[in-house]
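In what follows, a single structure is set out as structure tokens and then discussed.
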Amino acid sequence: MSTFGAQRPRRIAIVILLAACTLGARAPGALHDPLWQDEVGTMRVISQRSPRSALGQVVRQESTPPVFFLTEWAVDHGAAALDSGVKPGPWLRAIPLAFSIVTTVLTFLLACELLPLWAATLAGLLVAFSGELVVHGAELRAYALLALTYVAFAFVLERAVAHPRRLTLVLLGGVVAVGSLTHYF
């Protein structure tokens, strides 16, 4: 069964709705709340001048692996290189917010493979509005990436089992690598 199949327009509309719900549930706090204690630690990593010094800061100060921190560092320094004029801070929460949106969408798409459309939509809505995922889904920490890694692992694993091609196996290895360097994967 294809991920979109015969109900493609309906599923696309549901994906857009789920993305909007996820954004609406997380964005108000993400964009307006000040950075809290652990997020300040992330900012210490992001403010380092080089990836090597950022990694050193992760080793000294953090208890979680470095993928999230290095991703934030790269985006922040990439924006600075483009001379965007955007100051670091709460806007960096857009990255975990994007991870949350992708998590919701992948949950729906994976559920479409296993469940009727109404149940897959419900699964997506549960991810979009789940209390823990809303509270932590836009923090400047690795939580949203961890949730995305879990869902991406299931999504890619299902495809690798159904169609064991080189690309799906490489993607599976990539998800495992990112998960292994994200949190308590």
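The values are calculated or read from the model by the stated rules, or taken from the named source; none is laboratory data. Being a predicted model, the structure only gives us computed values, none of them experimental. Counting neighbours? That spans all protein chains shown, and the Cβs are built from the backbone with ideal geometry, glycine included. These accessible areas exclude ligands, DNA and RNA; they are computed on the full protein's heavy atoms, side chains included. Shrake-Rupley method; radii C 1.70, N 1.55, O 1.52, S 1.80 Å.
Things to note:
- Selection count, region 126-147, where residues are in a helix (DSSP H, G or I) and modelled with pLDDT under 95: 11
- Residues of region 116-128 satisfying the condition of being within 15 Å of Arg10 (Cα to Cα) and open to solvent by 40 Å² or more (accessible area, probe 1.4 Å): Pro116, Trp118, Leu122
- Unmet criterion (only one of (1) at pLDDT 80 or above; (2) within 17 Å of the chain's Cα centre (by Cα); (3) surrounded by 13 or more Cβ atoms within 10 Å (Cβ to Cβ)) for Ile46: (2)
- Here Pro65 clears all of (1) farther than 24 Å from Ala128 by Cβ; (2) touching a Lys or Arg at 6+ places or on another chain (Cβ under 9 Å) except the condition numbered (2).
- With respect to (1) under 16 Å from Cys21 (Cβ atoms); (2) within 15 Å of the chain's Cα centre (by Cα); (3) surrounded by 14 or more Cβ atoms within 10 Å (Cβ to Cβ), the lone exception for Val135 is condition (3).
- Residue check: Leu17 meets all listed conditions (1) in contact with a helix residue (DSSP H, G or I) (Cβ under 9 Å, 6 or more places away or on another chain); (2) at pLDDT below 85 but one, namely (2).
- Residue tally, condition open to solvent by less than 10 Å² (accessible area, probe 1.4 Å) and under 16 Å from the mean Cα position of the chain (by Cα), over region 104-115: 2
- Qualifying positions in region 155-185 - at pLDDT 90 or above, closer than 25 Å to Glu72 by Cα and in contact with a helix residue (DSSP H, G or I) (Cβ under 6 Å, 6 or more places away or on another chain): Phe155, Val156, Leu171, Leu172, Val175, Val178
- Conditions (1) open to solvent by less than 70 Å² (accessible area, probe 1.4 Å); (2) closer than 30 Å to Gly41 by Cβ; (3) of a type in the set (D, E, K, R); (4) assigned to a helix (DSSP H, G or I): number failed by Arg159: (2)
- Matching residues, region 63-78, being assigned to a helix (DSSP H, G or I) and either aliphatic (A, V, I, L, M) or open to solvent by less than 50 Å² (accessible area, probe 1.4 Å) (or both): Val67, Phe68, Phe69, Leu70, Thr71, Glu72, Trp73, Ala74, Val75, Asp76, Gly78
- Residue in region 56-71 that is at pLDDT below 90, under 15 Å from Ile95 (Cα atoms) and in contact with an Asp or Glu (Cβ under 9 Å, 6 or more places away or on another chain) present: yes
- For Val86, the conditions (1) open to solvent by 40 Å² or more (accessible area, probe 1.4 Å); (2) modelled with pLDDT under 90; (3) hydrophobic (A, V, I, L, M, F, W, C); (4) in a helix (DSSP H, G or I) are fulfilled apart from (4).
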